[in-house]
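The values are calculated or read from the model by the stated rules, or taken from the named source; none is laboratory data. If you're wondering where the values come from, they're calculated on a predicted model, not measured in any experiment. Cβ coordinates were reconstructed from backbone atoms using ideal geometry, including for glycine residues, and neighbour counts include every protein chain displayed. Accessible surface areas use protein heavy atoms only, side chains included; no ligands, DNA or RNA. Shrake-Rupley method; radii C 1.70, N 1.55, O 1.52, S 1.80 Å.
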Amino acid sequence: DFSIPVLAVSGVIATSALINLVVSLGRPASARIDDREAAIFLVFDTLQLTVLLYLTGGNINPFSLLLLAPVAIGATILSLRSTLALSLLTIVCFCVLGVWCQPLPWRGHAPDLPETYLVGEWAGLVLTTLLITLYAWRLAEEARQMNDALAAAQAALAREQRVSALGALAAAAAHELGSPLSTIAVIAKEMEREVELDDPLREDVELLAAESERCRAIL
C-alpha cells in the first residue's frame with residue numbers, strides 16, 4: 001500500500017527491458033564488448049537506478065546501495081579512465097539524490113530525519129564509492145598484470161622447450177650421421193694412400209676426403 005508513482009517507475013523498468021531485448025537480439029551471443037560499450041551499459045544502469053531512486057526517496061531509500069553495484073563491476077572490467085568517469089557519475093547521482101527526490105514511500109507520515117544524518121549518509125555513500133573504485137580496480141589491475149606475466153612465462157617456457165627439443169634433435173642427427181661419416185673418412189684416407197699421385201682418380205679421392213671432413217666439421 002505504499003504511495004509511489006507506479007506509471008513512472010514502470011516506464012523506467014520497461015525502458016530497461018526494451019533496451020536489453022534490442023541489444024540481445026541485435027548481436028550474437030558470442031560477441032565480446034569493448035571498454036567503451038561496457039562503460040555505456042554501466043552508465044545506463046547507473047542512470048536508471050538514479051531515476052528509480054529519485055522517484056522513491058533518494059539516498060534514504062534502503063536500495064540506494066544498489067548504485068554501488070555498477071561501480072564495483074566497472075572497476076574490475078573497465079580501464080582506469082572509464083572507471084573514474086563512472087565513479088564520478090555515481091557521486092554526482094548521489095549528490096543529486098541528496099538534494100532532489102520524491103518522498104520516501106511510507107505508511108503514515110514519513111520519518112523526518114535530521115540534516116546531520118542525511119549529510120552523513122551522503123558522505124558514507126560517496127566515500128564507499130571511492131573506496132570500491134580504487135580498491136577493486138587495483139585488485140583487478142594486479143590480477144591482469146599477473147595474468148600477463150603468467151602468459152609471458154608460459155610463452156618463454158614453450159620457446160625454451162622448442163629450443164631444447166631442437167637441440168636434442170640436432171644432437172641425435174649428429175650422432176646418427178657421425179658414424180657413417182667416420183667410416184667414409186677412414187676409407188677415403190686409405191684410398192689416398194693406395195692411389196698413386198699420377199692416378200686420374202687421385203683428385204676425386206682427395207675431394208672425397210676433404211668433403212667428409214667438412215661434413216664432420218658442420219655436424
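Details
- All positions within segment 16-35 that are open to solvent by 70 Å² or more (accessible area, probe 1.4 Å) and either polar (S, T, N, Q) or outside any loop (DSSP other than H, G, I, E, B) (or both): L18, N20, L21, V22, S24, L25, S30
- Only residues that are of a type in the set (A, V, I, L, M) and open to solvent by less than 50 Å² (accessible area, probe 1.4 Å) were counted in segment 113-137, giving 5.
- Matching option when the condition is open to solvent by 90 Å² or more (accessible area, probe 1.4 Å) and among the charged types (D, E, K, R), among R159, R144: R159
- Selection of segment 191-209 for residues being surrounded by 11 or more Cβ atoms within 10 Å (Cβ to Cβ) and free of Cβ contacts under 8 Å to residues at least 12 places away in the same chain yields V195, D199, L201, R202, D204, L207.
- Close pairs from segment 127-142: first at positive phi and at pLDDT 85 or above, partner open to solvent by less than 80 Å² (accessible area, probe 1.4 Å) and in a helix (DSSP H, G or I), Cβ under 6 Å, at least 6 apart: none
- Residue within segment 90-110 that is of a type in the set (S, T, N, Q), closer than 21 Å to A69 by Cα and at pLDDT 90 or above present: yes
- Only one of the listed residues (A110, A38) is open to solvent by less than 80 Å² (accessible area, probe 1.4 Å), farther than 23 Å from L18 by Cβ and free of Cβ contacts under 8 Å to residues at least 60 places away in the same chain. That residue is A110.
- From the options T76, T46, residue that is assigned to a helix (DSSP H, G or I), without any contact (Cβ under 8 Å) to a residue 60 or more places away in the chain and farther than 15 Å from G98 by Cβ: T46
- Residue list for segment 1-10, filter: assigned to a helix (DSSP H, G or I) and surrounded by 13 or more Cβ atoms within 10 Å (Cβ to Cβ): A8, V9
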